[in-house]
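A.B. asks: Pasting in a structure now, in structure tokens, and then I'll have a few things to ask.
The values are calculated or read from the model by the stated rules, or taken from the named source; none is laboratory data. Because the structure is predicted, anything quoted here is derived from the model rather than measured. Here the Cβ is made from the backbone with ideal geometry for all residues, glycine too, and neighbour counts use every protein chain on show.
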Amino acid sequence: MAETTQNPSRRWRPDGAWVAIVLIPLVLMILAPDEVWPTLTFAAAAIGHTGIFIIFAVLAVAYMKATGAETLLARAFEGREVRMIFLAALMGGISPFCSCEVIPFIAALLAVGAPLSAVMAFWLASPLMDPAMFLITAGTLGMPFAIAKTLAAVGLGLFGGFTVKVMARSVVFADPLKNTPVSECSGSTCGAGGKPFSGEVNWSFWGEKTRRTIFRETTFDNALFLGKWLLLAYLIEALMLRYIPADMVAQVLGGEGIGPIVLGAIVGAPAYLNGYAAVPMVSALLDQGMSNGAAMSFVLAGGVSCIPAALAVWALVKPRVFAAYLGIAMLGAVVAGVTWNTVSVLV
């Protein structure tokens, strides 16, 4: 699951991403006019290369939203705790719904006593992968990297879930919740009585006007969201390839050993825009000498610590639990980076 939607009331309101998209060519016109056209054509060609993946991803997410498939998330939090952890990590790694939308769902689960271990598994896996991000990652970085990141997302969720289960009685995870009321849900995420993610799933949604509206609006919102961030990301990638010395990247984030992998996890947090914009950035860094392991640790640590994902956790739990969330993510990202680096060398 990753951040893929916007508030419809803000669709046409300028934000930082759109401002940056306009400013980049304007600044280049002043400082380096010869680079304006190459930068724009590079971004356009990159958008064209991933266009089919973007279209398929947008339609897939809209279909799942319109059918109410997110209600299936609730089933991951039923039964025995170990089973919950496994299902929560798996569902978090593949579900296509944004972090903010899941806040009322998670708040409701925590309020009624769902184990923090399963919730942590879901939280850690959810920002890292979804169907749209998988397709875009595969189209830009290759299918092996996309599969490896998906497995790493689920693995990180399992690592966090079982860590919390083992340490459930420790001072870190005792009484984890803030005094935060459960938010009300709306739209397709609500069933009878307003319970989050309790509506019925209707795979043949086109027979209902409300669901057709959800499909149409979600398609528009996600196309605008993905198009905006990917366009900005490809412009930044063009600038990185042109102005960041490849030997510097290779020296800092390349080579063997755990050092570049740890550094990739550390710089992933402040450098991360979101899961979609990070893909072209990582592609540029790899072209300039970034190691495979550092790339994996970068996208994992950055994905968990990006603002939408982090706020979803901060809003509901106490600071010590939030700190544990970030610590588990950093450690898991490094382990995944080392593993992927080893696999890449052997293969």
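A.B. asks: Just to be sure, is Met290 outside any helix (DSSP H, G or I), of a type outside the set (Asp, Glu) and surrounded by 21 or more Cβ atoms within 10 Å (Cβ to Cβ)?
C.D. replies: Spelling it out, Met290 is indeed outside any helix (DSSP H, G or I), of a type outside the set (Asp, Glu) and surrounded by 21 or more Cβ atoms within 10 Å (Cβ to Cβ).
A.B. asks: A follow-up question, please. Among the residues of segment 284-294, which ones are small (Gly, Ala, Ser) and out of contact with any Leu (no Cβ under 6 Å at 6 or more places or on another chain)?
C.D. replies: Narrowing segment 284-294 to residues small (Gly, Ala, Ser): 284, 289, 291, 293-294.
Gly289, Ser291, Gly293, listed by residue number.
A.B. asks: All but one of (1) surrounded by 21 or more Cβ atoms within 10 Å (Cβ to Cβ); (2) farther than 30 Å from Leu59 by Cβ; (3) at pLDDT 85 or above hold for Leu253, so report the exception by its number.
C.D. replies: Checking Leu253 against (1) surrounded by 21 or more Cβ atoms within 10 Å (Cβ to Cβ); (2) farther than 30 Å from Leu59 by Cβ; (3) at pLDDT 85 or above, the one that fails is (3).
A.B. asks: Going by what's in this entry, would Thr39 be described as surrounded by 11 or more Cβ atoms within 10 Å (Cβ to Cβ) and modelled with pLDDT under 90?
C.D. replies: It is false that Thr39 is surrounded by 11 or more Cβ atoms within 10 Å (Cβ to Cβ) and modelled with pLDDT under 90.
A.B. asks: Sticking with this structure for a sec: What are the residues in segment 66-97 that are modelled with pLDDT of 75 or more, in a helix (DSSP H, G or I), more than 17 Å from the chain's Cα centre (by Cα) and not β-branched (Val, Ile, Thr), if any?
C.D. replies: Within segment 66-97, Ala66, Phe77, Glu81, Arg83, Met84, Phe86, Leu87 qualify.
A.B. asks: Condition first: under 20 Å from the mean Cα position of the chain (by Cα) and at pLDDT 85 or above. Can you find one or more residues in segment 188-210 that meet it?
C.D. replies: No, every residue in segment 188-210 fails to be under 20 Å from the mean Cα position of the chain (by Cα) and at pLDDT 85 or above.
A.B. asks: Quick check, is Gly337 out of contact with any helix residue (DSSP H, G or I) (no Cβ under 9 Å at 6 or more places or on another chain) and either at pLDDT 90 or above or among the polar types (S, T, N, Q) (or both)? Walk me through how you get there before you give the answer.
C.D. replies: Values: out of contact with any helix residue (DSSP H, G or I) (no Cβ under 9 Å at 6 or more places or on another chain): no; either at pLDDT 90 or above or among the polar types (S, T, N, Q) (or both): yes.
Against the criterion (out of contact with any helix residue (DSSP H, G or I) (no Cβ under 9 Å at 6 or more places or on another chain) and either at pLDDT 90 or above or among the polar types (S, T, N, Q) (or both)), Gly337 does not qualify.
A.B. asks: Filter segment 12-52 down to the residues that are aromatic (Phe, Trp, Tyr) and in contact (Cβ under 8 Å) with a residue 24 or more places away in the chain and list them by number.
C.D. replies: Result: Trp18, Phe42.
A.B. asks: Across segment 315-329, what is the number of residues that are closer than 14 Å to Leu124 by Cα and surrounded by fewer than 19 Cβ atoms within 10 Å (Cβ to Cβ)?
C.D. replies: The qualifying residues number 4.
A.B. asks: When only residues in segment 153-182 that are assigned to a helix (DSSP H, G or I) and out of contact with any Gly (no Cβ under 8 Å at 6 or more places or on another chain) count, which is surrounded by the fewest Cβ atoms within 10 Å (Cβ to Cβ)?
C.D. replies: The selected residue is Val166.
A.B. asks: Name the single residue that is modelled with the highest pLDDT among those in segment 9-21 being loosely packed, with under 11 Cβ neighbours inside 10 Å and part of a helix (DSSP H, G or I).
C.D. replies: Gly16
A.B. asks: Would you please name the residue that is farthest from Met296 (Cα to Cα), looking only at residues in segment 111-152 that are at pLDDT below 85 and part of a helix (DSSP H, G or I)?
C.D. replies: Ala111
A.B. asks: Here's another thing I want to ask about it. Hey, any hits in segment 272-282 for a residue that's at pLDDT 75 or above, assigned to a helix (DSSP H, G or I) and over 17 Å from the mean Cα position of the chain (by Cα)?
C.D. replies: No; the residues of segment 272-282 include none that is at pLDDT 75 or above, assigned to a helix (DSSP H, G or I) and over 17 Å from the mean Cα position of the chain (by Cα).
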